[in-house]
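A.B. asks: Next up is a structure, given as structure tokens.
The values are calculated or read from the model by the stated rules, or taken from the named source; none is laboratory data. Computed from a predicted model, the values in this text were never measured in an experiment. Methodologically, a virtual Cβ is constructed for each residue, glycine included, from the backbone with ideal geometry; neighbour enumeration extends over all protein chains shown.
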Amino acid sequence: MSPGWWVLLAAVLVTAVLGLAHRARQGRIRPPEGGGASVLDLPAELRERLDGEARVTLLQLSTTFCAPCRHTRVLLDDLARRTDGLRHVEVDLAHHPEWSTTLRVHTTPTTLVLDSGGEELFRIGGVPRRDALAEALHPLLA
């Protein structure tokens, strides 16, 4: 085998490992930064959109041309429609890019799970895993 084939094989293997690592992180539930619940410094316009009767709000942060964001929207809308006390709100960060820094969001979609007081309970980067999300929400809505 020539050296060029070994380089190509190494590049394919590195790409596969990095892709698998990235995929494993997507959709996982993570606690807020710092370990416990955190009160986010929500912009006033966003705080107004979140006011409501829900015990738990799924705040989906998306961008216009994000394909996984569409999948996340369908999943979260369906879950909120079927679950009492749960609300889904989507925000397009393309219209409010400054909010990404305030909310500590670096990729879309990111879903922040907030209690009725605006405290972040946990967050999910990527498309949420339906069963894991439902299981994590159960004690919050019981």
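A.B. asks: Please indicate, with yes or no, whether at least one residue in the range 86-93 is out of contact with any helix residue (DSSP H, G or I) (no Cβ under 7 Å at 6 or more places or on another chain) and at pLDDT 90 or above.
C.D. replies: Taking every residue of the range 86-93 in turn, at least one turns out to be out of contact with any helix residue (DSSP H, G or I) (no Cβ under 7 Å at 6 or more places or on another chain) and at pLDDT 90 or above.
A.B. asks: Residue under question is Ala67, and the condition is that it be within 16 Å of the chain's Cα centre (by Cα), free of Cβ contacts under 8 Å to residues at least 12 places away in the same chain and loosely packed, with under 13 Cβ neighbours inside 10 Å; does it hold?
C.D. replies: Yes.
A.B. asks: Looking only at the range 33-44, how many residues end up being farther than 20 Å from Thr107 by Cβ and either part of a strand (DSSP E or B) or modelled with pLDDT of 85 or more (or both)?
C.D. replies: 1
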